[in-house]
Amino acid sequence: MTPAQAKQLVAEAAIEYIEWDWVIGVGTGSTANLFIDELAKIKGRIDGAVASSEASAERLRGHGIKVMELDQVGDLPIYVDGADESTEHLHLIKGGGAALTREKIVAAASDKFICIADDSKLVPVLGAFPLPIEVIPMAKSYVARQLVKLGGNPILRDGVVTDNGNVIVDVHDMAIENPIELESKINHIAGVVTNGLFAQRGADVLLLGGENGVRTLT
Ligand code: 5RP
């Protein structure tokens, strides 16, 4: 089975969690895109969606799904999004698509976070995937120096500007043994908007697609 087929399986499985008249939190990336395409098939059942990126908002609108602002709707019953890595404790690295800040906001405002991924994303320790950090542009060198002190190798993501007008620094070569603590430490560096560790608010359910179908971790 290809990763694309595995992603399709979990996109379909996530639809089972959707109830009538809900406003759905929707993530960003290739797996989230497949979920949006599945959501389009049941769009008559839902009231609308809150998107974690301009790209997802555009895809939702393209399917005729009403896109709402988080401020208009308050807390959401559910948020569905992919991940770059997950542990079995459902601590995640996200932000490969540079949408981490809005993803973290929508996840925080949601009662249940369903993470959907192909099973290659499950890892024993986070950090083989470089950790994305959204940074205010004028702070990028300062933030990079602090990240070196934390043991990482920060590299500016070339040519990327986030939906919020900021830059992304990817931290390479860090085995993240304590993601909850590191998430706080990095967020305390002046100039950091947020980092791609979703550990303090991890996923509630992880749907992993692979050869044997969909595996559910809670
Ligand atoms: C975007 C993300 C994505 O969820 C993550 O990069 C996974 O992407 P994909 O579904 O394409 O593998 O965090 O910022």
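Between Gln72 and Arg201, how high is the FRET efficiency from 1/(1 + (r/R0)^6) when r is the Cβ-Cβ distance and R₀ = 30 Å? Nearest 0.05. All intermediate terms of the calculation are to be shown ahead of the outcome.
On the way: r = 22 Å, r/R0 = 0.73.
It comes out at approximately 0.85.
Of all beta bridges DSSP finds with both residues in the chain, what is the antiparallel percent, to the nearest 5? Numbers along the way, then the final one.
Working: 22 of 41 bridges.
Around 55 percent of the beta bridges assigned by DSSP in the chain are antiparallel ones.
Can you bin the range 53-168 into rounded, prolate or oblate? Criterion: square roots of the alpha carbon gyration tensor eigenvalues sorted a ≥ b ≥ c, rounded for a/c under 1.5, prolate for a/b above b/c, oblate for the rest.
Values: a/c = 2.03, a/b = 1.33, b/c = 1.52.
Verdict is oblate for the range 53-168.
If you wrap a convex hull around the Cα atoms of the chain, how much volume per residue is inside, in Å³? Could you put the intermediate results ahead of the total?
On the way: hull volume 25.0 nm³, N = 218.
In the chain, the Cα hull volume divided by residue count equals 114 Å³.
For a quick check: sort Phe113, Phe129 by the number of other beta carbons within 10 angstrom, fewest at the front.
Details: Phe113 25, Phe129 18.
Taking fewest neighbouring Cβ atoms as first place, the list is Phe129, Phe113.
Once you place label points 7 Å from the Cα toward the Cβ at Asn187 and Glu88, how far apart are they in nm?
2.7 nm
Which shape class applies to the range 121-218: rounded if a/c is under 1.5, otherwise prolate when a/b exceeds b/c and oblate if not, where a ≥ b ≥ c are the square roots of the Cα gyration tensor eigenvalues? Before the final figure, lay out the partial values.
Working: a/c = 2.11, a/b = 1.81, b/c = 1.17.
Prolate, because a/c is 1.5 or more and a/b exceeds b/c.
Can you pull out the GluC sites (Glu not before Pro) in the range 77-142 that DSSP calls coil and that have at most 14 other Cβ atoms within 10 Å? Present the calculation step by step, with values, prior to reporting the outcome.
On the way: sites: Glu85, Glu88, Glu103, Glu134; in loops: Glu88.
Qualifying residues, ordered by number: Glu88.
Going by alpha carbons, how many degrees (0 to 90, nearest 10) lie between the helix axis of 30-41 and the longest principal axis of the chain?
Helix 30-41 sits roughly 20 degrees off the main axis of the chain.
In terms of the Cα gyration tensor, with a ≥ b ≥ c the square roots of its eigenvalues, is the range 94-152 rounded because a/c is under 1.5, prolate because a/b exceeds b/c, or oblate?
Values: a/c = 2.63, a/b = 1.40, b/c = 1.88.
Here the range 94-152 falls in the oblate category.
According to a simple spin-label model (label point 7 Å from Cα along Cα-to-Cβ), what is the distance in nm between Leu156 and Ile180?
In this crude spin-label approximation the distance works out to 3.6 nm.
Defining a contact as two alpha carbons under 8 Å apart and six or more residues distant in sequence, what relative contact order in percent does the chain show? Could the numbers behind the result be given before it?
On the way: 493 pairs, mean separation 51.2, N = 218.
For the chain, the relative contact order is 23 percent.
Bear in mind these aren't lab numbers, they're just calculated from the coordinates by the rules spelled out. Just so it is clear, the model here is predicted, and its values are computed rather than measured. All Cβ positions, glycine included, derive from the backbone under ideal geometry; neighbour counts span all protein chains shown.
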